[in-house]
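All remarks here apply to the structure that follows.
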Amino acid sequence: MNDANGIRLYPAKRPILGTTVVPSDKSVTHRRLLIAAINHVENQILLQSPANDVFSTITALQALGIHLHLTTQQYKTKVIVPAKKRFVSPAHPIDCQNSGTTARLLCGLLCSQNVTVQLIGDDSLTKRPMERVAIPLQKMGAKITTSNGTLPIHIQPASLHGISYPLPVASAQVKSAILLAGLFADGITTVIERFQTRDHTERLLQIAPQTVGDGTALQIDHNIHLPDCSGEVPLDISNLAFWIAAAILVNGSCLEWKNVLLNPTRIAYLKLLKAQGAHLDWEVTHTQLGEPIGWLEVRSGGNFHFRIDSELLPLVIDEIPILAVLAAATQGSFELHSAKELRTKESDRIKSIVDNLRRMNIEVEEYLDGFQFEAKDPLRGAKLSSFQDHRIAMAFAVAALVAKGETWIQDAQVASVSDRIFFEQLFLYLR
Ligand code: S3P
């Protein structure tokens, strides 16, 4: 079902039952690796099926002189970050490949580390906006410059001071970059966010949110205790999202997982589905380094009508492609506004979703900051593109499970950016 340029998919031939191997949460993993690289103890971080983006952070840290030691057995990789560590200026530019989180969080961390570094990335990452991180860091005294607002980014040694910064875009990556810089800045650094975004950095660093006006303030100073990041990172709900959708769509399916990250800023997808009658249950059983963790199970069935507004968007920012597929595949409806931010992701996700849905026989209205449709007819198999975007590849692979006929997705192998074994597992269920 693989050829050099893409992947061929067919309707599911049997229910999806049992469980699947899902990667450890990418957002949490990046943050634990970065904090492990600056705390004063040895950290042993256990990862399930780490994907390419996680390796972008691992190889970046190695290039910066942090001697990470990796061992892999079956689907688990143990990363040992030694107790003694010091950043050194790398001989070559650091290639963040496709990983926006690697690039942006490294900006925040490295601008205080007395290193001279150039950050580069692949074609997709090189198009993505970086001034949003450079501006606040420059205000803190960082010597950081972008190339006309994008990568390559150049960082030079500088001393930082705290600032108070209202986030102009709802972005957990920008928030986290500033907080990481604040760990090494004189005085107090405050980030104020109007809309809640994922809060993994705050949880890891035990920063208590404070309500200010119509937003939330997060404060950090250089005296805080850095946690030991050892332990197994729970499963990524944004990757589970594709399997949950597959189980909902393919009749008779039933899937369950343990050790799932159930952080409240990441489960809006689950809540949206449940509110519309999806057979979906989950429960928090314990916490680890501030993150709620538990089990989740899903059974097939449901029709979906989604309306996503600007407050909800940051909480389902990575789930928009699969939400659109769920609505389209169940003759439901979808309406999205104030979502220009989606045009700055791994692809222009508004265009990628609209284009693929149209090819699958759905009439979609696209506008500058969103799109909408009412799906009247079943999905039709078609020649699609991943637009070099892992989430588009996986979302439309799920659509193919219930589309009529054959679907081919160009460059679908890009899924390995966040899940290296997604297709290998999906093929088990195809006709
Ligand atoms: C992420 C934040 C989000 C999300 C990305 C991961 C993070 O990006 O889309 O996949 O780990 O902080 P933005 O902060 O740019 O919205």
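Using a probe radius of 1.4 Å on heavy atoms only, what accessible surface per residue do you get for the chain? Whole Å² is fine.
Per residue, the chain has an accessible area of 39 Å².
For a label point 7 angstrom out from the Cα of E374 toward its Cβ, which stretches of the stretch 324-349 have the backbone nitrogen within less than 17 Å?
Correct set: 327-336.
Return the Cα extents of the stretch 115-193 along principal axes one, two and three, sorted largest first, each rounded to a whole Å.
For the stretch 115-193, the Cα extents along the three principal axes come out at 37, 29, 16 Å.
Using the C-alpha gyration tensor of the stretch 26-224, what are the square roots of 5 times its eigenvalues, in whole angstrom, with the largest one first?
Semi-axis lengths for the stretch 26-224 are 25, 19, 17 Å.
What are the semi-axes of the equivalent ellipsoid of the stretch 31-101, taken as the square roots of 5 times the eigenvalues of the Cα gyration tensor, listed largest first and rounded to whole Å?
Whole-Å semi-axes of the equivalent ellipsoid: 18, 17, 10.
Which aspartates and glutamates, on any chain, are close to K404 with Cα under 13 Å apart, when same-chain ones fewer than 8 places away are left out?
Within the straight-line cut-off, K404 pairs with D377.
Using the alpha-carbon centroid of each, what span in Å lies between the stretch 262-292 and the stretch 155-197?
28 Å
Can you say what percent of the DSSP beta bridges in the stretch 128-213, counting only those with both residues inside, are antiparallel? Round to 5.
Once the DSSP bridges in the stretch 128-213 are tallied, antiparallel ones form about 45 percent.
Please give the helix 100-110 orientation as an angle from the longest Cα principal axis of the chain, in degrees from 0 to 90, rounded to the nearest 10.
Computed tilt is about 10 degrees.
Give me the number: length gained by fully extending Q44 to Q425, i.e. 0.36 nm times residue separation minus the C-alpha to C-alpha distance, one decimal in nm.
134.3 nm
With label points built 7 Å along Cα→Cβ from the Cα atoms of N148 and L70, find their separation and express it in nm.
Output for this residue pair reads 3.4 nm.
Percent of Cα-Cα pairs per 5 Å bin, from 0 to the last occupied bin, for the stretch 172-294, please list those.
Spelled out per bin, shortest first, that is 2, 9, 17, 19, 16, 14, 10, 6, 4, 2, 1, 0.
If you build a Gaussian network model of the chain, linking Cα atoms that sit under 10 Å apart, which residue out of G141, G332, G18 swings the most?
Highest fluctuation of the listed residues: G18.
As an exercise, find the ratio Rg/Rh for the stretch 1-68 from alpha-carbon atoms, using the Kirkwood inverse-distance average for Rh.
When Rh is taken as the Kirkwood radius, the ratio is 1.16.
I'd like the orientation of helix 172-182 relative to the chain: the angle between its Cα long axis and the longest Cα principal axis, in ° from 0 to 90, rounded to 10.
Taking the Cα atoms of the chain, the angle to 172-182 is about 10 degrees.
Can you divide the C-alpha Rg of the stretch 252-391 by 2.2 N^0.38 Å and report the result to two decimal places?
After normalising by residue count via 2.2 N^0.38 Å, the value is 1.10.
Of all beta bridges DSSP finds with both residues in the chain, what is the antiparallel percent, to the nearest 5?
Of those bridges, close to 75 percent are antiparallel.
Kindly work out what percent of the DSSP beta bridges joining two residues of the stretch 26-224 are antiparallel, to the nearest 5.
Numbers: 26 of 33 bridges.
Among the beta bridges of the stretch 26-224, antiparallel pairing accounts for roughly 80 percent.
If you fit an axis through the alpha-carbon atoms of helix 237-249 and take the longest principal axis of the Cα set of the chain, what angle between them do you get, 0 to 90°, nearest 10?
Tilt of helix 237-249: around 10 degrees.
Over the stretch 50-156, how many pairs of lysines fall under 29 Å by alpha carbon, counting only those 8 or more apart in sequence or from different chains?
7
What distance in nm separates the two pseudo spin-label positions at I188 and Q210, each 7 Å out from Cα along the beta-carbon direction?
0.4 nm
Using alpha carbons only, how many angstrom separate the centre of the stretch 12-76 from the centre of the stretch 209-256?
Distance between centres, Cα-based: 15 Å.
So between D281 and S310, what do we pick up on full extension, going 0.36 nm a residue minus the alpha carbon distance?
Using 0.36 nm per residue and subtracting the Cα-Cα distance, I get 7.8 nm.
Using the per-residue mean of other Cβ atoms lying within 10 Å as a proxy for protection, in what order, highest first, do the peptides 385-394, 281-290 fall?
Numbers: 385-394: 26.1, 281-290: 14.6.
Final packing ranking: 385-394, 281-290.
In the full protein assembly as shown, how much of V325 is accessible to a 1.4 Å probe, in Å² to the nearest 10?
Surface accessible to solvent at V325 totals approximately 0 Å².
Rounded to a whole number, what is D in µm²/s for the chain from Stokes-Einstein with the Kirkwood radius over alpha-carbon pairs (4 °C, 1.567 mPa s)?
Values: Rh = 22.0 Å.
Translational D for this selection: 59 µm²/s.
Restricting to Cα pairs below 8 Å that are 6+ residues apart, what does the relative contact order work out to for the stretch 2-74? Please round to a whole percent.
Taking the mean separation of contacting Cα pairs over the length of the stretch 2-74, I get 28 percent.
Considering the Cα positions of the stretch 108-247, please state its Rg to one decimal place and its Dmax as a whole number of Å.
Expressed in Å, the Cα Rg and Dmax of the stretch 108-247 come to 16.3, 51.
Between V88 and K258, what is the label-point separation in nm under the 7 Å Cα-to-beta-carbon projection?
Computed distance between label sites K258 and V88 equals 4.3 nm.
So for the chain, averaging the separation of alpha carbon pairs under 8 Å that are six or more residues apart and normalising by length, what relative contact order in percent results?
18 percent
Within the P(r) computed for the stretch 311-431, what percentage of the Cα pairs occupies the region above 23 Å?
The answer is 24 percent, as a whole percent.
For the stretch 26-224, what does the relative contact order come out to in percent, with C-alpha contacts under 8 Å and a separation of six or more?
Details: 418 pairs, mean separation 30.9, N = 199.
Rounded, it is 16 percent for the stretch 26-224.
Could you please state how large a percent of the accessible area of the chain is carbon and sulfur, counting protein chains only and using a 1.4 Å probe?
Carbon with sulfur: 49 percent of the solvent-accessible area.
The values are calculated or read from the model by the stated rules, or taken from the named source; none is laboratory data. Since we're looking at a predicted model, the values are computed, not measured. All Cβ positions, even for glycine, are placed from backbone atoms using ideal geometry, and neighbour counts span all protein chains on display. What goes into the accessible areas is simple: the full protein's heavy atoms, side chains included, and nothing from ligands, DNA or RNA. Shrake-Rupley method; radii C 1.70, N 1.55, O 1.52, S 1.80 Å.
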